[in-house]
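Notes follow once the structure below has been shown.
What follows is calculated from the coordinates using simple rules that are stated; it is not laboratory data. On a predicted model such as this, the values are computed, not experimentally measured, just so you know. Every residue, glycine among them, receives a Cβ derived from its backbone with ideal geometry; neighbour counts consider all protein chains shown.
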Amino acid sequence: RLYKGFYQIVYGANLVIDNFKDGTTQVQKRCVAEARVMRAYLHLMTAIIWNQPPIMDRVYDSEEPLPANDKTQEEILQWVIDQCEMAIKSGFLPKRNGPTDKDATGRMSVGFAQFIAGKAAVFKNDMATARKYLGDLIASQDYELIPGNIYWTNFHVDCDGNSEKIFEPNFIDDPSFCSNRWIK
């Protein structure tokens, strides 16, 4: 289920990228950049868990064969880094405005793209690239560690986008949506 769920989200990201890659509005360009980071994140997770999953880099025609698992894990991780770099360089990713900006934690932001690229570089054993992205993330001063006496809140609702959160997904509890679409 996890694998299928990841690739369902990749499909959604690919729809956004394919349909708006030549977007003319700020919103379209931002959505493409955010979709690129989400897709990179999911490919990172599949590469970590399943080693050599296929790179789904576009929407495939129903008659078209899907790509083979012919890339090495290192090639997939480099693709993840490249996708994050492309999104960062676009200039359309939202940026967290300091440690108290809670809204940016629920978005594909510059900081999240830096984190994903850095983590991919660590798994690729490319520490120079990891230091670049993670160093830029730290130097941004948009994030800061929370005090140790409240560290436990990172794993509870109490944290709510605290200064340490780089990304925090938000879920809507809609049983009719979940039961009919995702949980099978």
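Rounded to the nearest 500, the helix-only mean residue ellipticity at 222 nm of the chain stands at -16500 deg cm²/dmol, with each DSSP H run of n ≥ 4 adding -39,500 (n - 2.57). Here the gap between residue 52 and residue 125, fully extended at 0.36 nm per residue and compared with their Cα-Cα distance, gives a gain of 24.7 nm.
Starting from the coordinates of the alpha-carbon atoms of the stretch 1-74, obtain the Kirkwood hydrodynamic radius over all distinct pairs and give the value in Å to one decimal.
Working: mean 1/r = 0.0771 Å⁻¹.
Mean inverse Cα-Cα distance, inverted, gives 13.0 Å.
Largest GNM mean-square fluctuation among 64, 75, 34, using the chain with Cα springs under 10 Å: 64.
The value of relative contact order for the chain, using C-alpha pairs under 8 Å at least six residues apart, is 19 percent.
For the chain, what number results from the quotient of the Cα radius of gyration and 2.2 N^0.38 Å? Can you show the working numbers first?
On the way: Rg = 17.1 Å, N = 184, 2.2 N^0.38 = 16.0 Å.
Its radius of gyration relative to the 2.2 N^0.38 Å reference: 1.07.
Ignoring lysines fewer than eight residues from residue 71 along the same chain, the ones with Cα atoms less than 18 angstrom from its Cα are 124. Near residue 141, once Lys and Arg are set to +1 and Asp and Glu to -1 for all other residues with Cβ below 14 Å from its Cβ, the sum equals -3. Highest GNM mean-square fluctuation among 114, 83, 28, for the chain modelled with Cα contacts below 10 Å: 28. Stokes-Einstein, applied to the Kirkwood radius of the stretch 48-94 over Cα pairs at a viscosity of 1.002 mPa s and 20 °C, places its translational diffusion at 173 µm² s⁻¹. Dividing the convex hull volume of the alpha-carbon atoms in the stretch 37-129 by its residue count gives 115 Å³ per residue.
Highest mobility in the GNM of the chain, judged by mean-square fluctuation with C-alpha springs under 10 Å and restricted to 163, 109, 62, is found for 62. Spacing of the modelled spin labels on residue 86 and residue 146, each 7 Å from Cα toward Cβ, amounts to 3.5 nm.
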